[in-house]
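Heads up, the thing below is written out as structure tokens.
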């Protein structure tokens, strides 16, 4: 059974649409989000006053390096700003944004619908829960079946008493080490997928083998991995053999941090954030291995410093700059279009 019998359709916050209406699609963004759940005190006590400062061009250099240590940077709650910024994507030829903001980090269905209407973009909202740090105190007491029923309701009826439905499950937050409550969320999502056919989007923990561990768990519970998107590949998998092993599962691999080029990664200081050139190298390798039908693209904008209004790359970055750069480096235009248009449409469409 598909959600509300939407077989062959994609569910957006304004209703179901045919897959050919999506156009270029960013599969993992946050038009609005309260991301203070990841806040980290500045490493240098001298910088403590910057934690509460508004982001501006006087502190932007510091914020770019310490982006999780400023509350204002981690808060996107301005609809007018979201409309202005998303319009850059629309004006560059973009068609659809998957808003991966889930429960506990500021999901707002009515605001997403207003943003969609104002920009003319399709917006697809995510169902489910983020990492355990964002869960309510009651979440630990809930059963797998109870969580699954909530996800199904969000997909088939609407969110928070509205008639605005989710069109994807996730991003579902997984930490490293993976917690029992996060496993409960993923198991519940698999049950909801089995009932509705919806795709699942995963936020993996920061460990080279975390994506495989999650996918193996999902497979053991009966998930359809061909309708599963594994997010944050570039900041998670650094071993080429593990990358190939993950691709071989049949899941979609999401390169969703384009434009996030500060190599220091405050959420995992022992590792690094790859640059766009390294993302392109990894994708080119996957294309050479025949996995071009299993790659999707996004920016995962979840902070002010990556918006154009604050000196960032903006939501048009992949279309305006990454696509031409890929072409200059030998990636065929047809392959780029497949990753930005065809693959998202396939995974976001409810099966017949």
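So if I check each of 67, 62, which one is over 20 Å from the mean Cα position of the chain (by Cα) and closer than 30 Å to residue 42 by Cβ?
Numbers: 67 fails: over 20 Å from the mean Cα position of the chain (by Cα).
Checking each option against the conditions leaves just 62.
Please determine, by comparing only the residues of the stretch 231-270 that are in contact with a strand residue (DSSP E or B) (Cβ under 9 Å, 6 or more places away or on another chain), in a loop (DSSP other than H, G, I, E, B) and free of Cβ contacts under 8 Å to residues at least 40 places away in the same chain, which one is surrounded by the most Cβ atoms within 10 Å (Cβ to Cβ).
237
Yes/no matrix, rows are residues, columns are (1) over 30 Å from residue 137 (Cβ atoms); (2) in contact with a strand residue (DSSP E or B) (Cβ under 9 Å, 6 or more places away or on another chain); (3) assigned to a loop (DSSP other than H, G, I, E, B):
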{"position": "50", "(1), (2), (3)": "yes, no, no"}
{"position": "57", "(1), (2), (3)": "yes, no, yes"}
{"position": "83", "(1), (2), (3)": "yes, no, no"}
{"position": "89", "(1), (2), (3)": "yes, yes, no"}
{"position": "111", "(1), (2), (3)": "no, no, no"}
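Could you run through the stretch 309-336 and say how many residues are in a helix (DSSP H, G or I) and buried (at least 21 other Cβ atoms within 10 Å of the Cβ)?
In the first step, residues of the stretch 309-336 are kept if they are in a helix (DSSP H, G or I); the result is 309-310, 317-328, 333-336.
If we keep only those that are buried (at least 21 other Cβ atoms within 10 Å of the Cβ) too, we end up with 317-318, 322-323, 326, 336.
Qualifying residue count, the stretch 309-336: 6.
Mind listing whichever residues of the stretch 215-230 are surrounded by fewer than 16 Cβ atoms within 10 Å (Cβ to Cβ) and outside any helix (DSSP H, G or I)?
Passing the criteria: only 222.
Checking the structure you have, find out if any residue of the stretch 36-49 is at pLDDT 95 or above and within 28 Å of residue 322 (Cβ to Cβ).
yes
Mind counting the residues in the stretch 188-214 that are buried (at least 18 other Cβ atoms within 10 Å of the Cβ) and under 17 Å from the mean Cα position of the chain (by Cα)?
Final tally of qualifying residues: 12.
Anything in the stretch 91-100 that is in a loop (DSSP other than H, G, I, E, B) and either buried (at least 24 other Cβ atoms within 10 Å of the Cβ) or free of Cβ contacts under 8 Å to residues at least 24 places away in the same chain (or both)? List them, or say none.
Residues of the stretch 91-100 in a loop (DSSP other than H, G, I, E, B): 92-95, 100.
94, 100, listed by residue number.
For the subset of the stretch 337-352 comprising residues that are part of a loop (DSSP other than H, G, I, E, B) and at pLDDT 95 or above, which member is nearest to the chain's Cα centre (by Cα)? I'd like the intermediate steps shown before the answer.
Taking the stretch 337-352 as the starting set, the residues that turn out to be part of a loop (DSSP other than H, G, I, E, B) are 349-352.
If we keep only those that are at pLDDT 95 or above too, we end up with 349-351.
On the way: 349: 17, 350: 19, 351: 21 Å.
In this case the residue turns out to be 349.
The values are calculated or read from the model by the stated rules, or taken from the named source; none is laboratory data. As the structure is a prediction and not an experimental result, all values here were calculated from the model. Every residue, glycine among them, receives a Cβ derived from its backbone with ideal geometry; neighbour counts consider all protein chains shown.
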